[in-house]
Structure formats: C-alpha cells, structure tokens
1. Applying a 10 Å radius around every beta-carbon, put 190-202, 220-232, 299-311 in order of their mean neighbour count, most first.
2. Rank-order 273-281, 170-178, 208-216 by packing density, defined as the average count of other C-beta atoms within 10 Å over each peptide's residues, highest first.
3. Hey, got the Cα dimensions of segment 219-290 along the principal axes, in Å, largest first?
4. Using modelled amide H (1.01 Å from N, peptide plane; none on Pro or chain starts), what sits under 5 Å from the amide H of residue 30, excluding residues fewer than 5 places away?
5. Hey, got the Cα dimensions of segment 138-196 along the principal axes, in Å, largest first?
6. Enter the Cα centre distance for the pair segment 56-84 and segment 292-316, rounded to the nearest angstrom.
7. Going by C-beta contacts inside 10 Å, put 35, 29 in order with the fewest on the left.
8. Which of the aspartates and glutamates could a cross-linker bridge to residue 76, judged by Cα under 19 Å and excluding same-chain residues fewer than eight apart?
Amino acid sequence: MRLVPTKRLKNGDIIARDIISYDGGLLLREDTHFREVFKQKLLERNIFEVYIEDELSKGIEPIEIISPQIRRKIGKDIQQEFEKLQENLQVDIGCLKEVSSLLIQEIQQKELICELQDLKVNDQYTYEHCIAVAILTTLVCNKLGINLYLKEQIVMGALIHDIGKMILPKDILNKPDKLTSEEYNLIKTHTEIGYKMIKDRAEFNAVTKLAVLCHHEREDGSGYPLGKGTDLHIGAKIVGACDLYHALISDRCYRQGLPINEVFAVAQTEPINSKIRSIIEGTFAYYPVGSIVKLNTGQMAIVEKNYAKDIKRPLVRVIEETNKQSGYKINLQDELSICVTDRAELEI
C-alpha cells in the first residue's frame, strides 16, 4: 500500500482500504477503482490522504491498531450513546464497559507504534475524538504497565471525557474564527458539566469521574477547572495528555491537523507529565508506513516498517528515478549515516 495525498489521486487508482465517513458510513470500498468525481467529496470530508495499491508499494501492509470491523462497531455504539446523551443526559455504563473491554482486548497484543491514520479525526464530532483519545489512552496505559481494572476505569473516562460538550452550542464549538473570551470560558465549562452528569452515579468509579473533570488540569496548576497540580490522579494525567496530542493532530473547522513535528513542538509548551509525554511521542510514527520520504542521500523511498526503538529511523524501500521498485532496502536503524529529511510526493 502507498499513502497518497487525495489531491494526487488519479482515475483508475485502486483504493487499498475502506474509506469510512465520520458517521461510520462507507464512502469508498477497498478495491474500488478511483474516479475523479470522488475527489471533491473526500476533500469536503477532510480526507486528505488515502491508501492505494500499486506495484511500487507491493507487499507493504500497514498494521492497523484496530480492525475496521471493530472500529465501525465501536464508532456506532459510542455515537448512539452520545445521541441518547443529548436527549436525556444519561450515559449507559454497560455500553462503555463493553467498548472499553473491546479496546483493551484489541490493542493489548499490538506493537506500540501508532500511525496518524489510525487516530486522525476528519470531522467535528465529539464522539470520534473521544474514541481516538481512548485508543491512545489504552496504548499509554499498556506502556505504563497499569493493571487491568484501573486501565478499564481510565479508558472509560477517556471515552466520555468530553461529554459536557454535548450540550454546549454547536455554533461555538465549531466556530471557524477565534473565540471571544466569553465563548472560550463557556467551552471550558464542559469539564464540570460532564462531571455533574456522572458524579452521583455510583456505578461510575471515581477514577472515571476524575478523568472527565480533570483532563484539562496541568501539573503546574495552570489548568482548569480546579487548578490542581502534581497531586492529579494518573488517569486524569493520561487522558489529559492524550486529549492534547489528539486535538493537535486532528483536522478542525479552523485548521488542518498539524504535522507530527509541529505537534511535538506545540505540546512541549504544555506542562504535562514528562513520562507520559515521552511515551506518547515514542508511540507516533513520524513517517507512516506506505508514505514517500526523501533521504539525505537525495534518494526517494517508501516506508516499509517503523520501529519503537527509534521511531524516526524506519525500514525503507528505495525508489528508482523511473518511479519503479529498485528492490533495494535500507534499515535506517543500522545505516546511521543515512536519515529521512522529510516526507515527499511522487510525480507519477
């Protein structure tokens, strides 16, 4: 598979993965032959990169953190819960437990490397963001060695951390322009609103409640709503950090998601837990499997595999000047004099 900018797709390109819309609907099925008429519809849905099958990338298979079938099921279940939440302000803990368990079970055997395509949200829907934050939270909990019971409570908190936004005005949440101070202060109330929805529900563990209330707290006390510092619960620290990073990589109504190097630069200005920061930044692949990169040798290559040991030094397959496979591979973990200088695009 090769990861191609949507604007570069051509008639006849073979779609390598199902393309799913924000509501779980199938936009384009795997093995579909692309037609130019599809391009604008994908761009309108903020789908800016697509995997295709071609000879250049033959044999390259990105590993998905969650299978498409599980992702669709989780998306459908959480979407329905959030829709019911808007109607009666009630959350079904049974559904949350099932989804949390499914996420934990699905992710526990996977290598801890996350492609942005696994998490990137191309819409403005709160529930999609919450699912992505829950996926990243599960990865971090695994790396920290958190026990299963505590992990389940933290992941449930991640799944509903933004439920307070469901009753805030959509025109403010999705405003493409800079928020006024009054609008920003209103949005900040979502943490307390969400907490109030579940604080008297005995079936929700205190860990889950704290994740909802305190995911915008920071270790230096600069966050909200309580201004808590280093005494923050580990669950709130994890969900807060995952929420931050996911917000930066995701497309918003007022901007596209940031490139990974910019995400890390912006996140460095936030006073979050250093160990959690290190885990998250060691989790994201700088160069997605299937993406085209430029080497410091001047050669172009396609990424075959990423390694958790050094996420910036993948295994690559060199591309000839004629845009054909050379069969020549370089493992940048071993060839330390060679490195990736940037992502690139092929002129085909």
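1. The densest-packed peptide leads the list: 299-311, 190-202, 220-232.
2. Sorting 273-281, 170-178, 208-216 by mean packing, highest first, produces 208-216, 273-281, 170-178.
3. Per principal axis, max minus min of the Cα coordinates gives 42, 28, 18 Å.
4. Under 5 Å from the amide H of residue 30 lie the amide H atoms of 18, 19, each far enough along the sequence or on another chain.
5. Extents along the principal axes: 42, 24, 16 Å.
6. If you average the Cα positions of each part, the centres end up 26 Å apart.
7. 29, 35
8. Filter leaves 18, 23, 64, 87, 92, 98, 106, 118, 123, 128, 162.
The numbers here are math on the coordinates, done by the rules we state, and not lab data. Not measured: the values here are computed from a predicted model. Note that each Cβ is placed from the backbone with ideal geometry, even for glycine, and that neighbours are counted across all protein chains shown.
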